[in-house]
1. From the backbone phi of the range 127-138, what are the Karplus-calculated ³J(HN,Hα) couplings (6.51 cos²θ - 1.76 cosθ + 1.60, θ = phi - 60°) in whole Hz, Gly and Pro given as x?
2. Would you please give the residues with an amide H less than 5 Å from that of Leu65, counting only those at least 5 places away or on a separate chain, with H modeled from the backbone geometry?
3. Which of the lysines could be linked to Lys171 by a straight reach, that is with a Cα gap under 20 Å, when you skip same-chain ones fewer than 8 residues away?
4. To test your reading of the geometry: what angle, between 0 and 90 degrees and rounded to tens, separates the Cα axis of helix 86-110 from the longest principal axis of the chain?
5. On C-alpha positions alone, give me the angle between the axis of helix 68-78 and the longest principal axis of the chain, in degrees, nearest 10.
6. Could you derive backbone 3J(HN,Hα) for the range 184-200 from the dihedral phi with the Karplus parameters 6.51, -1.76 and 1.60 (θ = phi - 60°), listing whole Hz in sequence and x where the residue is Gly or Pro?
7. How long is the chain along each principal axis, judged by its Cα atoms, biggest number first, in Å?
8. Using a simple charge model, +1 on the beta-carbon of Lys and Arg, -1 on the beta-carbon of Asp and Glu, nothing else, what dipole does the range 86-190 show about its Cα centre, in debye to the nearest 20?
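The values are calculated or read from the model by the stated rules, or taken from the named source; none is laboratory data. Since the structure is predicted, the reported quantities are computational estimates derived from the model, not experimental observations. Backbone-built Cβ (ideal geometry, glycine too); neighbour counts: all protein chains shown. For accessibility, only protein heavy atoms count, side chains too; no ligands or nucleic acids. Shrake-Rupley method; radii C 1.70, N 1.55, O 1.52, S 1.80 Å.
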Amino acid sequence: MSGKPKLTYFEGRGRMESIRWLLAAAGVEFEETFLKTREQYLKLIKDGYLLFDQVPLVEMDGLKLVQTKAILNYIAGKYNLHGKNLKERAHIDMYVEGTMDLMGMILVYSFSPPEQKEKQLASVLEKATTRYFPVYEKALKQPGQEFLVGNRLSFADVQLLEAILMVEELKADVLAPFPQLQAFKARASNLPAIKKFLQPGSQRKPPPDDAYVATVREVFASE
């Protein structure tokens, strides 16, 4: 059996994408199994793989890890991306909670009825530019501050870059008022492990399309 982490989820972003990003940033290769049918999902539950009957599922180090935050915290801790002490970790966790809130709104947007999408898009962009991005812009404004916490790459930086790119897919010039975030995006995107993950053919997933949404709905449909 391979020693690589095994990820089980849909063949799309969803709640697994941040996990893919974090493993990639840590330089960790991983394997993926994609859920395509409800039967696959029910078998995972029957076989005791899903503690709360939910995915994502990550198998690594002899563990069957579920719950997105728990998985991310485990990976961040294992690969020294969660700060040098408790105070740094607290700041990292606060920044991460912010980006997760922002990305969660985009996740919901993908599954929204067409008649609601325009209103939800406006809400996402308004909150990104008035509530979330200004916080990160301020954090990076100190002279010589290249990363959010401890001036070294952390879990928070990886998630911030992921969030920036997701919002840019909705509005290409969204970073225009944020020069520090523009510079951060350029720096972080050129870190070797992240640069590799951003190349075509990597395990990074594209924005959700109708086929992805339909598969998720089918797998989670009531019996």
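1. 6, 4, 8, 10, 10, 9, 4, x, 5, 6, 4, 5
2. Residues meeting the amide H criterion: Val58, Glu59, Met60.
3. Those lysines meeting the cut-off are Lys117, Lys119, Lys127, Lys185, Lys205.
4. It works out to around 60 degrees.
5. 60
6. 4, 4, 5, 5, 5, 5, 9, 5, x, 5, 6, 4, 4, 5, 7, 7, x
7. Cα extents, longest axis first: 54, 45, 32 Å.
8. On the way: 12 positive and 14 negative charges, 57 e Å.
My answer is approximately 280 debye.
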